[in-house]
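Bear in mind these aren't lab numbers, they're just calculated from the coordinates by the rules spelled out. Just so we're clear, the structure is a prediction, and the values are computed from it rather than from any experiment. So basically every Cβ, Gly included, is an ideal-geometry build from the backbone, and we count neighbours across all protein chains shown.
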């Protein structure tokens, strides 16, 4: 579920932020005023608070986020229930750094890395959530996940940020989390070439060659391309999970999956595919926008796809254009050692993390917003919309989307997103809520794909947040190593022959030795031990 955010915040957004930032007066948890309503631990405070015309400014560190408020089903209801206006401001890392250096913070901040320096310095700029809830909204304790709050507790004993899509051990054991990564192939093409097995390297190359021969207008195989900061798209960690590459070695120590023999065998197979003209050079230069446009147009015969949830709009647009060209998941590449897939979704760390700053103009309304969105009421709203308008409850008490909503989702994904925004207001989203509380098929474009992932997800809590702390020498080394690996991996796929491939692998291993990788491994193992203690394993 991770997206890279690029570019610069617009002048208009900066002006809006300057005019609608937090109160400007820094407050501490010990200086909070008395609540303006009588607390009831069994009643969410938003139902008790009669204050109206409150406005909060919410900075989201993602330029692609839709800043509209009060125009779709979700935010209209949010505005009505909480008597709250939200001014969304978006930006990138440089804008975020500017906010912190300037000290003129908004009321709320959402970032994408709960282990960043900004997150670790939260005691200097954010308010602790449990204590804020004690003061203004004790119902928060009934809807927030204790394991998640504990996971985000800092060394001072306080928790400042709450993540989206934080999945607990119970969530994984209940098998209620939809998978989001798979090898997919255009259904009409798959049927036309005889639905071959594509599990071994030989079968995989034979299948791609058939696609090239019978459908010369498409690219036989593609994957999410390489991004910035060492991002290797979908053929790095995501593909390693598909192959079931272990996360620890036989002694329980951190395992460098990039050098796993089975994984490298498949990267060598991709190199053969490239040499045979089965992978396009464009795959290494196309950004996500271009990639998704090509998915919409069905221009790829097969894809190793990551982030199916984020790709769902493009997949649905493709189906609306030509239903026969729907992409479906098949087993595809398998680990020749016999390992089963160990797909991963967000763990306890989740995806984004949202904070209430110590410059917040109305801390009472801010914690009410957290409680509301974490509660069943907020989860129903952001997942299914408004009862009687977008969904109804069936006899089993399950939420069922109305026919007109489903039709728009299938036929006009962009209008669906604009009008309903279901699944798009994700700040406190939870992967399993739709499955636990709804009775709806996923969209025709992703239903079969998600069913294929069933039973294949395995948590990787043990290796979460094990990278060296930002600002350390080891962290700087890791940045260089990740960047070098991205360059190396791209070159390996485009290597001219086996000797060239082997040379690149050897050079990468040499680079690890000369860039303090052993110290990074030591840190990872130490942090894994800390995780074992926190998880009780």
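Some points to look at:
- Per-residue extension of 0.36 nm, minus the Cα-Cα distance of residue 441 and residue 402, leaves a gain of 12.8 nm for this segment.
- Theoretical gain in end-to-end length, residue 509 to residue 188 [0.36 nm per residue, Cα-Cα removed]: 111.3 nm
- Where both bridge residues fall in the chain, DSSP classifies roughly 55% of the beta bridges as antiparallel.
- Using R0 = 45 Å, the C-beta based FRET efficiency linking residue 64 and residue 251 works out to 0.60.
- Cα-projected label distance for residue 532 with residue 101, points at 7 Å along beta-carbon direction, nm: 4.2
- Computed over the alpha-carbon pairs of the chain, the distance histogram in 10 Å steps reads 3, 17, 27, 27, 18, 7, 1, 0 percent, short to long.
- Between helix 308-321 and the chain there is an angle of about 70 degrees, using the helix long axis and the longest principal axis of the Cα atoms.
- On the beta carbon distance between residue 337 and residue 83, with R0 = 56 Å, the FRET formula returns roughly 0.45.
- Zone residues, the stretch 362-377, relative to residue 32, backbone N less than 17 Å from point 7 Å out along Cα-to-Cβ: 362-374
- Counting DSSP beta bridges with both ends in the stretch 181-342, the antiparallel % (nearest 5): 65
- Gain in span if fully extended, residue 169 to residue 261, counting 0.36 nm per residue against the direct Cα distance: 30.1 nm
- Nearest-ten-degree value, helix 201-214 long axis tilted from longest Cα axis of the chain: 90
- Taking Cα atoms only, the orientation of helix 517-535 departs from the longest principal axis of the chain by about 50 degrees.
- Highest mean first, the peptides 356-362, 306-312, 510-516 sorted by other C-beta atoms within 10 Å per residue fall in the order 356-362, 306-312, 510-516.
- Packing-based order for 391-401, 150-160, using average beta carbon neighbours within 10 Å, highest first: 150-160, 391-401
- Sorting the segments 41-50, 132-141, 77-86 by their residues' average number of neighbouring beta-carbon atoms within 10 angstrom, most packed first, yields 132-141, 77-86, 41-50.
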